[in-house]
Amino acid sequence: MRIGELARRSGVSERSLRYYEAQGLLRAERTPGGHRNYGEWAVDRVVRIQTLYAAGLNSKKIAQLLPCMRDTDGRPNEAATPQLVDELAAERDRIDRMIVELVRSRDVLDEVIDTASQNAATGPAALTPRR
């Protein structure tokens with residue numbers, strides 16, 4: 001499939017797909033006319049890349065990780081090094097800490113919403129700051 005079709009099917013811009021290729025995250029065969037041509041496997045690969053970016057990994061780390069993941073691009077999977085496993089465990093711990101912080105922020109926001117809702121019910125004067 002051409003780059004436009006991959007962009008449509010994966011929900012990722014053509015510009016991002018070109019960036020992924022430049023970073024070594026995605027590969028395309030070239031037609032005699034120089035157009036990119038991707039296999040069906042590329043849709044899953046792009047979704048996986050997006051998921052890893054959303055998890056906070058950078059392109060360098062994703063490039064290290066992708067060859068170790070099950071993929072259908074015709075390449076054999078590589079074994080992850082113990083160092084990579086340790087680095088990924090550290091990333092998971094970082095994400096866990098972020099989740100705790102986000103839950104704490106949501107709880108504070110819930111309190112603010114509850115207070116604002118109660119004040120709104122009693123009228124605008126209740127929202128005036130005390131001096």
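Remarks
- Relative contact order of the chain, defined on C-alpha pairs under 8 angstrom at six or more residues apart (%): 16
- Net charge dipole size for the chain [Lys, Arg +1 and Asp, Glu -1 on Cβ; Debye, nearest 20]: 500
- Pairs of alpha carbons in the chain whose separation is greater than 21 Å (percent): 58
- Contour excess over end-to-end distance, with Cα ends at Val112 and Cys68 and 0.36 nm allotted per residue: 11.3 nm
- Helix-only arithmetic for the chain: the sum of -39500 (n - 2.57) across DSSP H runs with n ≥ 4, divided by the residue total, places the mean residue ellipticity at 222 nm at -20000 deg cm²/dmol.
- Computed lengthening from Asp44 to Glu5, 0.36 nm per intervening residue step minus Cα-Cα distance: 12.7 nm
Taken together, the values in this text are just the output of simple stated rules run on the coordinates, not laboratory data. The structure presented is a predicted model; accordingly, all values stated were derived computationally and were not measured. Here Cβ is always computed from backbone atoms with ideal geometry, including for glycine, and neighbour counts include all displayed protein chains.
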